[in-house]
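Reviewing the structure listed below.
The values are calculated or read from the model by the stated rules, or taken from the named source; none is laboratory data. Just so you know, these numbers come straight off a predicted model, no measurement behind them. In this analysis, Cβ positions are derived from the backbone assuming ideal geometry, glycine residues included, and neighbour counts consider all displayed protein chains.
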Amino acid sequence: MRAKIALTDIRKSFPTDDGPLHVIGGVDFTVDEGEFVAIVGPSGCGKTTLLNIVAGFDRPDHGHVTVDGAARNGPSPKGIVISQRGSVFPWLTVQQNLMFGLNGRRPDKKALADHYAAVVGLTGFEKGYPHELYGGMLKRVELARALVVKPEILYMDEPLAALDALTSLQMRFEVLRILAEERHTCMLITHDVEEAIHMADRIIVLSPRPTTVQATFEVPFAHPRNLAHPEMIELKASILSEFGL
Amino acid sequence: MGKLKQIVAPLAVAAMLVAVWWIAVVASESVIFPTPLQVVTGTLELARDGTLWNHIGASLFRVGAGFLLAIAAGVPLGLLMGWVSGAFSTLNPIVQILRPISPIAWIPIAILWFGVGDLSPIFLIFLSSVFPTIVQTAAAVHAIERQYIWAAENFGVSRYKLFLQVVIPAALPQIIVGMRVSLGVAWLVVVAAEMIALRSGLGYLIIDSRNAGNRYDLVVAGMVIIGLTGLLLDGAMRRLERLKSVRWRYAR
């Protein structure tokens with residue numbers, strides 16, 4: 001299988017008053033077409049910086065990212081970011097948000113928006129404003145807005161971390177259900193090892209700053225996965241031991 | 001209950017202030033400072049012969065014209081300064097130099113350029129409200145949270161759509177706050193601006209009542225009417241904050 005996303009020796013540091021802070025210290029990995037890769041690492045290790053670089057919002061000091069073999073040059077609708085903070089536009093209705101990414105004059109904007117509103121379970125809320133929705137519903141809007149443009153890649157930066165535990169779990173199942181229908185290439189940043197095991201095909205463990213790839217785990221289990229299965233628990237234990245736990 | 005409280009409490013404070021004023025005038029046996037009753041009588045006299053409405057209309061027209069010109073010039077300029085960093089570094093020093101110059105200082109120049117008709121007060125009101133509008137609009141654009149800009153860029157929208165559908169609506173709630181401030185300032189300087197007005201306006205009423213026979217009842221009447229009109233104008237501006245597309249920004 002050819003690599004959808006390839007990172008080659010990515011390095012990044014930020015200037016501070018005490019000299020440069022080396023955040024990423026040479027990261028290489030690839031993500032295959034249709035593969036779901038989760039990236040876990042200690043907090044502050046530069047996971048988000050790495051994702052911003054891969055998604056095209058930041059530039060590495062050294063090394064390069066290619067998507068479909070072409071050098072990454074700024075953000076593109078080919079890969080949509082879903083972040084923890086959320087970026088649903090509060091001045092637009094749910095439906096207007098979903099139609100936002102559909103550029104040009106196409107007659108099917110509304111139909112597409114309504115279709116994806118239904119996919120994520122937002123039917124009936126299309127005319128509402130985001131501030132009238134609660135956290136889980138907002139996440140659904142953001143997910144649907146990304147899906148509407150049929151991105152090849154989904155970049156998820158702790159997308160469910162701001163939700164309460166139950167809603168977060170619910171959304172995890174929703175995302176898995178949608179991914180089973182529309183196969184996207186996925187990169188998930190998370191600090192939740194269980195979430196990573198539940199969702200990903202492969203888990204990359206990053207080291208503390210300046211971060212490098214510390215270990216890689218395959219997750220060769222079919223969906224739906226049962227997290228209580230001994231093999232899962234064993235996998236979780238070996239990932240946690242990478243963090244010294 | 002809450003609604004009633006909102007009306008009753010400020011009315012009670014106002015009534016108390018009027019009472020203190022009245023008692024103070026009576027107790028000091030002042031012959032020149034008017035009692036509230038004299039102010040009301042003076043106001044009714046002006047209302048009956050129609051001049052009051054002319055003064056209010058003239059002032060509202062000048063403030064409206066000056067304010068709208070300030071919005072028409074200040075909002076686009078503020079958006080430009082907020083969005084294009086080169087425009088900000090070029091224009092901000094000039095704005096900051098012109099901003100603290102009182103409209104009163106401009107009066108001689110206003111007369112020189114525009115004479116003593118309606119244009120001079122409109123120009124002075126424009127000057128007083130255009131700078132707060134520019135500064136607040138630029139600040140509103142600077143305060144746009146990065147995640148919204150990123151999300152728009154992620155969807156590959158054109159610069160035009162980014163500006164129209166993200167930058168402006170994201171900044172709009174704070175721009176409206178800026179417009180409220182600017183309208184307040186515009187109304188504040190109406191008296192100064194109308195010091196050079198010909199025979200109309202609340203500012204003219206105040207200056208003229210003092211000069212022509214020490215009619216302090218009309219001086220105070222003009223002040224009270226300016227205050228009450230200011231309250232109504234602010235109330236009208238606040239209605240803008242209730243629009244659904246800007247409500248998200250205000251906590252209450």
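Things to note:
- Residue under evaluation B:PHE114, criteria (1) surrounded by fewer than 22 Cβ atoms within 10 Å (Cβ to Cβ); (2) in contact with a Phe, Trp or Tyr (Cβ under 7 Å, 6 or more places away or on another chain); (3) closer than 25 Å to B:PHE88 by Cβ, criterion not met: (3)
- Entirely in the stretch B:119-204, the helices (runs of 4 or more DSSP H) that have 2 or more residues that are farther than 19 Å from B:ASN54 by Cα, at pLDDT 90 or above and away from chain A (no Cβ under 14 Å): B:119-142, B:168-188
- All of B:ARG210, B:ARG238 fail the test of being without any contact (Cβ under 8 Å) to a residue 40 or more places away in the chain and assigned to a helix (DSSP H, G or I), apart from B:ARG210.
- Cβ-Cβ distances below 7 Å connect no pair with a first residue in the stretch A:151-176 that is under 9 Å from A:ILE82 (Cβ atoms) and outside the structural domain of A:LEU102 (by TED's automatic domain parsing), a second residue that is assigned to a loop (DSSP other than H, G, I, E, B) and aliphatic (A, V, I, L, M), and a separation of six or more residues or different chains.
- When the stretch A:18-28 is filtered for residues that are within 17 Å of A:ASP157 (Cβ to Cβ) and either among the small types (Gly, Ala, Ser) or surrounded by fewer than 23 Cβ atoms within 10 Å (Cβ to Cβ) (or both), only A:VAL23 remains.
- Only one of the numbered conditions (1) over 25 Å from A:LYS47 (Cβ atoms); (2) assigned to a helix (DSSP H, G or I) is violated by A:VAL141, and that is (1).
- The criterion of being over 19 Å from A:MET171 (Cα atoms), within 17 Å of the chain's Cα centre (by Cα) and either within 11 Å of another protein chain (Cβ to nearest Cβ) or not polar (S, T, N, Q) (or both) does not hold for A:VAL37.
- Considering the stretch A:76-86, and only residues there that are out of contact with any Lys or Arg (no Cβ under 9 Å at 6 or more places or on another chain), part of a loop (DSSP other than H, G, I, E, B) and within 22 Å of A:LEU163 (Cα to Cα), the residue that is farthest from the other protein chains (Cβ to nearest Cβ) turns out to be A:GLN84.
- Residue within the stretch A:151-158 that is of a type in the set (Asp, Glu), assigned to a loop (DSSP other than H, G, I, E, B) and out of contact with any Lys or Arg (no Cβ under 7 Å at 6 or more places or on another chain) present: yes
- Verdict on A:LYS150 being more than 8 Å from chain B (Cβ to nearest Cβ), more than 24 Å from A:LEU188 (Cβ to Cβ), surrounded by fewer than 18 Cβ atoms within 10 Å (Cβ to Cβ) and out of contact with any Pro (no Cβ under 8 Å at 6 or more places or on another chain): no
- Among the residues of the stretch A:97-143, just one is under 19 Å from A:SER76 (Cα atoms) and of a type in the set (Phe, Trp, Tyr), namely A:PHE100.
- For the stretch B:195-222, a tally of residues being surrounded by fewer than 21 Cβ atoms within 10 Å (Cβ to Cβ) and within 11 Å of B:THR43 (Cβ to Cβ) returns 0.
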